[in-house]
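The values are calculated or read from the model by the stated rules, or taken from the named source; none is laboratory data. On a predicted model such as this, the values are computed, not experimentally measured, just so you know. We place every Cβ from the backbone using ideal geometry, glycine too, and count neighbours over all the protein chains shown.
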Amino acid sequence: MTQHLPNPSRKPKELTGRAALFCFLGFFGVVIAVNAVMIRAATTTFGGVETASSYKAGLAFKQEIAAARAQGRATGPWRPTCFACRLTPPCCP
């Protein structure tokens, strides 16, 4: 097996001011470009408005829940399940 030893006549590369500046600008250029892409994706895919008045929609939802409870049924299309015996309540003491 041969070992590759560094060439003693070759000088190691020095980090010059110009190279440091290019690395610095390149890093922040990538960060700014990624941020711009993410901002554009966030603003164009979802406007943020699904209803004209979220307050009124919340009140209507509360009224729907109250009406469901007044009828004596659960507040959704599911039925509660007892995990002890896998039956619908009231099965457990």
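Here are a few things to note about the model shown:
- Which listed residue, of Ala52, Ala42, is outside any loop (DSSP other than H, G, I, E, B), of a type in the set (Gly, Ala, Ser) and modelled with pLDDT of 70 or more: Ala42
- Of everything listed in (1) modelled with pLDDT under 85; (2) assigned to a helix (DSSP H, G or I); (3) out of contact with any Gly (no Cβ under 9 Å at 6 or more places or on another chain), the single unmet condition for Phe27 is (1).
- Selection status of Ile32, in a helix (DSSP H, G or I), modelled with pLDDT under 85 and β-branched (Val, Ile, Thr): no
- Among (1) modelled with pLDDT of 80 or more; (2) of a type in the set (Gly, Ala, Ser); (3) exposed (fewer than 10 other Cβ atoms within 10 Å of the Cβ) - the single one Ala60 does not satisfy: (3)
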